[in-house]
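Take a look at the structure below.
The values are calculated or read from the model by the stated rules, or taken from the named source; none is laboratory data. In this text, all values refer to a predicted model and were calculated from it rather than measured experimentally. Don't worry about glycine lacking a Cβ; one is built from the backbone with ideal geometry, like all the others, and counts go over all protein chains shown.
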Amino acid sequence: MAFLFAQFLTGLANASSLFLVASGLSLIFGVTRIVNFAHGSFYMLGAFIGVTLMQILPGHVGFWGSILLTGLAVGLIGALVEIVVLRPIYRAPELFQLVATFGVILVIQDLALMIWGAEDR
């Protein structure tokens, strides 16, 4: 019985992850009409920035301050990506949009790897 319960929780966790990805793609495409695959990379970037800020800021200020500053930082990075990468391709075919946002994924991944490294902490 415990095995079935563990499998149920694992399936629920996987389903919720898929729901977040699907709802993110649907929301972004519905609002901007751009197929943006890079939203997961922004989540990852927010997690790394948040953990780094929590280590820098002291005490309880570190947690709440990092939440606020992380949202601002990722929002600014997203606005920069929108201005530099996405605005020029608003009227381009969907394939160009896919390739451009996939390029954003690769750039964000490599920047995160360069800044935070590949080792566990």
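Table for the structure above
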quantity	calculated
Region 12-51, residues that are among the aromatic types (F, W, Y), assigned to a helix (DSSP H, G or I) and more than 17 Å from I83 (Cβ to Cβ)	F19, F29, Y43, F48
Residue list for region 38-49, filter: over 8 Å from the mean Cα position of the chain (by Cα) and either among the polar types (S, T, N, Q) or crowded, with 18+ Cβ neighbours inside 10 Å (or both)	I49
Region 66-121, subset among the acidic types (D, E) and over 14 Å from T52 (Cα atoms), residue surrounded by the fewest Cβ atoms within 10 Å (Cβ to Cβ)	E119
Selection within region 27-67 - without any contact (Cβ under 8 Å) to a residue 12 or more places away in the chain, of a type in the set (A, V, I, L, M) and over 25 Å from D120 (Cβ atoms)	L27, I28, V31, V61
Residues satisfying the stated conditions in region 69-114, i.e. more than 12 Å from H39 (Cα to Cα) and touching a Leu at 6+ places or on another chain (Cβ under 9 Å)	L69, T70, A73, Q97, A100, L111, A112
Unique match (being farther than 19 Å from L20 by Cα and either β-branched (V, I, T) or over 18 Å from the mean Cα position of the chain (by Cα) (or both)) among L68, L53, L76, L57	L57
N14 vs. criteria surrounded by 14 or more Cβ atoms within 10 Å (Cβ to Cβ), out of contact with any His (no Cβ under 9 Å at 6 or more places or on another chain) and modelled with pLDDT under 95	no
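Rundown of residues vs (1) modelled with pLDDT of 95 or more; (2) assigned by TED's automatic domain parsing to the domain that holds L20; (3) over 18 Å from I108 (Cα atoms); (4) not hydrophobic (A, V, I, L, M, F, W, C), yes/no style:
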| residue | (1), (2), (3), (4) |
| --- | --- |
| G40 | no, no, no, yes |
| V51 | no, no, no, no |
| Q55 | no, no, yes, yes |
| H60 | no, no, yes, yes |
| L72 | yes, no, no, no |
| G78 | no, no, no, yes |
| E82 | no, no, no, yes |
| R91 | no, no, yes, yes |
| L95 | no, no, yes, no |
